[in-house]
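The values are calculated or read from the model by the stated rules, or taken from the named source; none is laboratory data. Note that the coordinates shown come from a computational prediction; the quantities given were computed from them, not determined experimentally. Please note: Cβ atoms are built from the backbone with ideal geometry, for glycine as well, and neighbour counts cover all protein chains shown. Each accessible area value is taken on the protein alone, full model and side chains, heavy atoms only, with ligands, DNA and RNA left out. Shrake-Rupley method; radii C 1.70, N 1.55, O 1.52, S 1.80 Å.
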Amino acid sequence: MKKNRLLVRTVILVILIGALGYTLYTNFFANKEKVKVGDEVPDFVLTDLNGQKHQLSEYRGKGVFLNFWGTWCKPCELEMPYMENQYNYYKNHGVEVLAVNVAESNVAVQSFVTRNNLSFPILLDKDKQVLDGYGVGPLPTTFLIDKNGKVVDIVTSTMTERAVRDYMEKIKP
């Protein structure tokens with residue numbers, strides 16, 4: 001009877017140690033970058049603040065400036081006016097901005113959009129599935145996608161207005 005109990009406890013302990021080891025490995029040592037330069041972007045569907053669905057694959061043929069951001073992120077807030085200014089020019093030249101807000105309330109996002117007078121689509125990634133699927137680390141992160149749906153560049157730093165313009169020029173079809 002004591003041998004059975006000891007065996008069961010040992011098996012449970014081994015399983016728990018294995019689970020802990022796996023968790024530590026995936027969180028700290030596994031490569032989190034899922035989408036790389038040269039990759040074809042994974043498709044997704046997200047809803048904007050108006051309830052309209054946007055599917056990334058529907059933007060094929062255009063350059064896509066895919067920006068992940070948060071209202072609390074100061075670098076994100078700094079580059080949004082630059083993105084807006086350049087969007088007003090490049091939307092007529094085949095470049096679309098899709099700004100993906102990460103896990104925030106509609107009220108917070110709408111307030112930010114109104115305060116910054118943004119006109120490009122603001123998509124809501126409430127459960128962070130797209131963020132995780134793309135392997136996004138720091139915010140802001142921007143994926144520059146060409147007309148064929150391939151990643152041309154990934155920007156993980158705050159952009160100046162000149163940089164935003166240069167990046168949009170780079171993905172212009």
Rounded to the nearest 20 debye, what is the charge dipole size of the chain about its Cα centre when +1 sits on each Lys and Arg Cβ and -1 on each Asp and Glu Cβ? 920 debye
Segment 90-159: which trypsin sites (Lys or Arg not before Pro) are DSSP loop and have at most 15 other beta-carbon atoms within 10 angstrom? LYS126, LYS128
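Quick check for you: with a 1.4 Å probe and neighbouring chains kept, what is the accessible area per residue of the chain, in Å²?
For the chain, the per-residue accessible area is 58 Å².
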To one decimal place, what orientation-averaged projected area in nm² is obtained for the convex hull of the Cα set of the chain? 12.9 nm²
Taking a straight Cα-to-Cα line shorter than 29 Å from LYS126, and setting aside same-chain lysines fewer than 8 residues away, one finds LYS32, LYS34, LYS36, LYS53, LYS62, LYS74, LYS91, LYS147, LYS150
Using the crude model of +1 on Lys and Arg Cβ and -1 on Asp and Glu Cβ, and no other charge, please compute the dipole size for segment 121-173 relative to its Cα centre, in debye to 20. 140 debye
